[in-house]
Amino acid sequence: MARIIAISSGKGGVGKTTLVANLSAALAQYGKSVVALDANLTTSNLALHLGMHLYPKTLHDVFERKAGIRDVTYMHKTGFKVIPADISFRKLRDVRSHEYIDVFYRLIEENDFILIDSPAGLGRDSLAAVEAADELITITNPELPAITDALKLSILANKYSTHNLGVVVNRIKRESHEVPIDHIEKMLGLPAIGKIPEDREVRKAIALKEPVVSYNPKSPAAQHIIALAANLIGEEYTPRMPWGLRLFGWLAR
Ligand SMILES: Nc1ncnc2c1ncn2[C@@H]1O[C@H](COP(=O)(O)OP(=O)(O)OP(=O)(O)O)[C@@H](O)[C@H]1O
Ligand SMILES: [Mg+2]
């Protein structure tokens, strides 16, 4: 039975798609059967992150009853499945949570994880994906506007039976004006299950349309994402930071 986890944020651009692509690849490296599903139906770009944007059929076709789920499930070269949404401007009516649940039913038996790349914002489209999922990972940057939107998401998610696993703080630069992790945990009432540093390897990997966990698994961001994947499946993993960064981290304490 697959665990169905929505990766959502409230504020846009904080790293949902990056996390879905990389967590999927990291879980696949642990031998898990994973489906990454793009629920961002208006500004989808999961397929672009993964170099899989030229496939003819997408989730849009499933919701329009023009394709079955197997017709739109593609294998990424790193060993996980991707269900892309259409990258063109293709208008689709609002998709309801039960329609997502129908899709999940068709995937749940033969997979270990279904990871959902949610749209930004707290509109019906993003909440439909959160409502349909069993679990939620909230992602934010260590800045007040993003944290405030993450709090709104948590409050809305509490109305559903979706279990909020915790918060992932992405793009940590260790700058003095950043909100500290323990404050974020207190503000959201959630444990920080991931602390991903700002890492230009992430941007390089995106430009090459590859997950950073395969492009440069030793990079700091990749290490922290692999650690999060390990945590999700109950494995021990301590991120191996390069010597220079460890020293920097110690000095910055
Ligand atoms: N850890 C990181 N280090 C450096 N850059 C990052 C990191 N995470 C994300 N980024 C940058 O932030 C950009 C936005 O990330 P991403 O597309 O994953 O956000 P998103 O939350 O999915 O956005 P949207 O709300 O528009 O869907 C990426 O293109 C990348 O350049
Ligand atoms: Mg995105």
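The values are calculated or read from the model by the stated rules, or taken from the named source; none is laboratory data. None of these values were measured; they are calculated from a predicted model. Neighbour counts run over all protein chains shown; Cβ positions are idealised from the backbone, glycine included.
Structure data summary
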read-out: Residue in the stretch 12-23 that is closer than 29 Å to Arg203 by Cβ, more than 11 Å from ligand 1 (Cβ to nearest atom) and either among the acidic types (Asp, Glu) or buried (at least 19 other Cβ atoms within 10 Å of the Cβ) (or both) present; value: yes
read-out: Residues of the stretch 26-44 that turn out to be within 16 Å of ligand 2 (Cβ to nearest atom) and surrounded by 18 or more Cβ atoms within 10 Å (Cβ to Cβ), as a count; value: 7
read-out: Residues of the stretch 200-213 classified as surrounded by fewer than 19 Cβ atoms within 10 Å (Cβ to Cβ) and either assigned to a helix (DSSP H, G or I) or in contact with a strand residue (DSSP E or B) (Cβ under 8 Å, 6 or more places away or on another chain) (or both), total; value: 5
read-out: Asn111 being of a type outside the set (A, V, I, L, M, F, W, C), crowded, with 17+ Cβ neighbours inside 10 Å and under 16 Å from the mean Cα position of the chain (by Cα); value: no
read-out: Selection status of Glu175, among the charged types (D, E, K, R) and modelled with pLDDT of 95 or more; value: no
read-out: Residues satisfying the stated conditions in the stretch 81-119, i.e. modelled with pLDDT under 90 and within 16 Å of ligand 1 (Cβ to nearest atom); value: Ile87, Phe89
read-out: Hey, Arg93 surrounded by fewer than 14 Cβ atoms within 10 Å (Cβ to Cβ) and over 22 Å from Ala25 (Cα atoms) or not; value: yes
read-out: Pairs where the first residue, in the stretch 38-50, is touching a residue at least 12 places away in the same chain (Cβ under 8 Å) and the second is polar (S, T, N, Q) and more than 7 Å from ligand 1 (Cβ to nearest atom), C-beta under 7 Å, 6+ apart; value: Asp38/Ser44; Ala39/Ser118; Asn40/Ser118
